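*Asks:* Got a structure for you, questions after.
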């Protein structure tokens, strides 16, 4: 069973969002998503300063099987990217909720977080995919 941390919010397209104590939001892909993709060989993150729209394509993760768009769970400005992924895309496979995060946003509307799925709702999405 994929790990689904209860402190995160999710999109049904398998992205996660974590509200940080400084008000920023860290974004990545779920354990289920990285497991479905297989070993990642390349990760393209959005550039710092880019404004993302909720639900818009923000990044690309590429595995030996396929390339997939990563969508932004909320709207906001990119304030940081995970530089380590350029040399080590496998961090997403090894630690999708920790060292494998993709980017951080300064949210333009924190209310959008409340519209995302909580862990039990996301778990149903994952179960339905099997």
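The numbers here are math on the coordinates, done by the rules we state, and not lab data. Worth saying up front: this structure is predicted, and the values here are computed from it rather than measured. Here the Cβ positions follow ideal geometry from the backbone for every residue, glycine too, while neighbour counts run over all protein chains shown.
*Asks:* Write down the Kirkwood hydrodynamic radius of segment 89-130, to one decimal in angstroms, obtained as one divided by the mean of 1/r over all alpha carbon pairs.
*Replies:* Taking the inverse mean of 1/r over all distinct Cα pairs, segment 89-130 comes out at 12.6 Å.
*Asks:* For segment 9-107, calculate the relative contact order in percent as a whole number, restricting contacts to Cα pairs under 8 Å that are 6 or more residues apart.
*Replies:* With pairs under 8 Å counted, the relative contact order is 32 percent.
*Asks:* Counting alpha carbon pairs within less than 8 Å and at least 6 residues apart, what relative contact order, in whole percent, applies to segment 80-130?
*Replies:* Relative contact order here is 29 percent.
*Asks:* While we're looking at this one, here's another question. Between residue 57 and residue 12, what FRET efficiency follows from the Cβ-Cβ distance if R0 is 22 Å, with the result rounded to 0.05?
*Replies:* 0.90
*Asks:* Give the residues of segment 23-52 whose amide nitrogen is closer than 19 Å to a point set 7 Å from the Cα of residue 130 in the direction of its Cβ.
*Replies:* Hits in segment 23-52 for residue 130 at 19 Å: 30-38.
*Asks:* Enumerate the whole-percent occupancy of each 5 Å bin, from 0 to the last occupied one, for all C-alpha pair distances of segment 1-66.
*Replies:* Result returned by the calculation: 3, 14, 24, 25, 21, 10, 2, 0.
*Asks:* Rounded to the nearest angstrom and ordered from largest down, what semi-axes does the equivalent ellipsoid of the chain get from its C-alpha gyration tensor (root of 5λ)?
*Replies:* They are 20, 19, 12 Å, listed largest first.
*Asks:* May I ask you to list the residues of segment 1-31 whose amide nitrogen lies under 19 Å from a point 7 Å from Cα along the Cα→beta-carbon direction of residue 48?
*Replies:* So the set is 20-28.
*Asks:* At 222 nm, what value in deg cm²/dmol follows for the chain if DSSP H runs of at least 4 each add -39500 (n - 2.57) and the sum is divided by all its residues, to the nearest 500?
*Replies:* Calculated at 222 nm, the ellipticity per residue is -4000 deg cm²/dmol.
*Asks:* Taking the alpha-carbon centroid of each part, what is the distance from segment 18-45 to segment 61-130 in angstrom?
*Replies:* Taking the Cα centre of segment 61-130 as reference, the centre of segment 18-45 is 3 Å away.
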